[in-house]
Amino acid sequence: MSCYLGLDGFRGGWVVAWIDDQGNHGFDYSPHLDRLLAAAHKRAMIDMPIGLTMKGHRTCDLRAREWVGASVFLGARRNLWEFADQTSANRYYWHHEGPGMGVSCQLWNIRDKIREVDDFITPERQATIGEAHPELIFRNLGKQIRLEGKKSERGREQRLRLLAERGFVKLSRWLAQRYGTGIGRDDLIDACACAVAARDSNARLGGEEVDVRGLRMEINY
C-alpha cells in the first residue's frame, strides 16, 4: 500500500497528514521531523525551503510569488543561522546585496525549522521528499481560480472543500480535535494539501538550480 505524506511546521514541532491510494487518511504530530519521516511512504512533501542560496533570492520563490504573492517568503539563505537576530541579518543583507534584500519576520521565525529540514535532507532523500507550497497547491486544485484569503471563513471553506474532494473527508473533524496539541488550523490544512500534491501531482517550479550541497531548488505543487 502506497502512503503519501504532507508536512508543515508549527511552534511545537511538525504536523504530518497522510493518505494512501485507497483513501485511508490520518494525521500525527511530533517535536521531531525525523520521527514523522521515518514512517513508510512513497513520496512526501514539506512546506519548508529545501535547497538554499548563498546570496539573493531563489528563482523558484520569485516565480511562485508571481502566482500567489507574499505568501511565498523570500530570502532562504544558507548563512541565515550566523546572525544573532533579524536586525543583524538584515543589516548584513542590505549592505552586501542592496535595499529590499533582507528577510521578513515570517522567514526569520522559521529559520530553525529550515535548518532542521536542511540537516535531514540529502540529494538522495530528495528523490522522494520534496518542498511544496500550499497556496500553489490550492491554486492548482482550484484550476487557477484565485481563492479567498485562507484566514477568511470563505477561504477556509474553499480549501476544505478542495481537500475533501481529494479524499480528506475527515479534516473538518480533525480541526476540532487538534485543540491542546499546539497545531494551528492552517498548519493542518496545509499539511493535507502537501499530502495531496505528494500523491497526485508532478507539477513544479524551478529545479534547474542546485545548491552547494547538491539539493535542487524547486517548489512542487
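Some notes on this structure:
- Inter-centroid distance (Cα atoms) of region 120-146 relative to region 78-94, Å: 27
- Over the chain: helical MRE at 222 nm, DSSP H runs n ≥ 4 each giving -39500 (n - 2.57), nearest 500: -11000 deg cm²/dmol
- Kirkwood hydrodynamic radius of region 77-137, from inverse mean 1/r over distinct Cα pairs, in Å: 13.3
- Between Leu163, Phe120, Trp108, the Cα set farthest toward the positive side of the dipole of region 101-221 (charges on each charged residue's Cβ, about the Cα centre) is that of Leu163.
- Using equal-weight Cα scatterers in the Debye expression, the normalised intensity of region 110-221 in log10 at q = 0.16 Å⁻¹ is -0.83.
- Fraction of beta bridges assigned by DSSP in the chain that are antiparallel (%, nearest 5): 65
- Assigned charges on the beta-carbon of Lys, Arg, Asp, Glu; the chain dipole about Cα centre (debye): 480
- Residue-span extension gain [Glu209 to Ser2] - 0.36 nm each, minus C-alpha spacing: 71.5 nm
- Inverse of mean 1/r across different Cα pairs in region 163-221, Kirkwood, Å: 13.5
- Under the convention that each Lys and Arg Cβ holds +1 and each Asp and Glu Cβ holds -1, the size of the dipole of region 105-214 around its Cα centre is about 660 debye.
- The trypsin sites (Lys or Arg not before Pro) of region 61-105 include none that meets both criteria, a DSSP state outside H, G, I, E and B (loop) and at most 14 other C-beta atoms within 10 angstrom of the site's C-beta.
- Principal axis extents of the C-alpha atoms in the chain (largest first, rounded to whole Å): 51, 37, 36.
- For region 43-121, a/c is not less than 1.5, where a ≥ b ≥ c are the root eigenvalues of the C-alpha gyration tensor, and a/b does not top b/c. That puts it in the oblate class.
- Cα-only Debye scattering, region 7-63: base-10 log of I(q)/I(0) at q = 0.19, 0.21, 0.24 Å⁻¹: -0.79, -0.87, -0.98
Bear in mind these aren't lab numbers, they're just calculated from the coordinates by the rules spelled out. No experiment lies behind these values; they were computed from the predicted model shown. Heads up, the Cβs are rebuilt from the backbone with ideal geometry, glycines too, and the neighbour counts pull from every protein chain shown.
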